[in-house]
Amino acid sequence: MDTGLLEMSCCVVQKKEVIPLVVPVLRILSKMKLLHLKEECDHFTINNMTIINLVLFWCGPLHEAELTKRLLIIQVSAHLMIDSNFN
């Protein structure tokens with residue numbers, strides 16, 4: 001059944017393919033709620049690290065129009081914060 005909701009995209013990475021130093025970084029990002037990390041015995045499932053997936057991780061599945069509004073709010077807010085620091 002198609003709900004029309006967008007969900008974050010994920011990828012599966014085999015543990016043997018991951019540089020050992022990366023594993024604690026992934027765990028830290030997960031604890032900071034910046035990354036969805038699911039550890040299995042032989043692989044990790046992580047979301048793709050984009051702003052779109054971060055918003056979907058924080059807010060859950062959204063309709064495209066709602067996701068677009070939230071992304072625009074982030075973009076405008078970031079622009080205003082940066083612009084105010086240079087003026």
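Derivation of every value follows stated rules applied to the coordinates shown; laboratory data play no part. In this text the structure is predicted, and so the values were computed from the model without any measurement. Glycine also receives a Cβ, built like all others from the backbone with ideal geometry; neighbour counts cover every protein chain displayed.
Which of these, CYS11, CYS59, CYS41, has the largest mean-square fluctuation under a Gaussian network model of the chain (Cα springs below 10 Å)? It is CYS41. Decide, for region 9-87, between rounded, prolate and oblate: order the square roots of the alpha carbon gyration tensor eigenvalues as a ≥ b ≥ c, take rounded if a/c falls under 1.5, and otherwise choose prolate if a/b is larger than b/c, else oblate. Oblate, because a/c is 1.5 or more while a/b does not exceed b/c. Positive contributions from Lys and Arg (+1) and negative ones from Asp and Glu (-1), summed over other residues with Cβ under 15 Å from the Cβ of ASN48, come out at 0.
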